[in-house]
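Asks: Okay, handing you the structure first.
The values are calculated or read from the model by the stated rules, or taken from the named source; none is laboratory data. Every value quoted in this text rests on a predicted model; they were computed, and no experiment measured them. So basically every Cβ, Gly included, is an ideal-geometry build from the backbone, and we count neighbours across all protein chains shown. All accessible areas refer to the heavy atoms of the entire protein, side chains included, with ligands and DNA or RNA removed. Shrake-Rupley method; radii C 1.70, N 1.55, O 1.52, S 1.80 Å.
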Amino acid sequence: MILAAVVDWDALLDVVIYSLVAGVGVTVAFSLAILGLTRFADMRRDGRDVEAWGFAALATAGLAVTGTAVVYGIILMTTK
């Protein structure tokens, strides 16, 4: 039972859950950015401008979320 006294299992579980959510969330956001950029190029090539700009908006949102997560992570690491 000495291990239970040394390790804060609730805090460790919180770290694992938050890390998993952040890792999956950033991965999905960057994947949407890549999808948006590739579809944007395809739609522009085919002359489908309205759809192209929709995918450009998706790419922009995905890159914004990814960039925000990276900056937030750096801020958290440097302040604690």
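Asks: Among the residues that make up region 47-58, is at least one of them open to solvent by less than 100 Å² (accessible area, probe 1.4 Å), of a type outside the set (D, E, K, R) and outside any helix (DSSP H, G or I)?
Replies: yes
Asks: Exactly one condition in (1) of a type in the set (Val, Ile, Thr); (2) under 30 Å from VAL15 (Cβ atoms); (3) out of contact with any helix residue (DSSP H, G or I) (no Cβ under 6 Å at 6 or more places or on another chain) is not met by VAL65; state its number.
Replies: Result: VAL65 passes all but (3).
Asks: Would it be correct to say that ALA69 is among the small types (Gly, Ala, Ser) and in contact (Cβ under 8 Å) with a residue 40 or more places away in the chain?
Replies: Here the answer is yes, as ALA69 does meet what is asked.
Asks: Looking at the structure I just gave you, is GLY67 of a type in the set (Gly, Ala, Ser) and either in a helix (DSSP H, G or I) or at pLDDT below 90 (or both)?
Replies: When the stated conditions are applied, GLY67 passes them.
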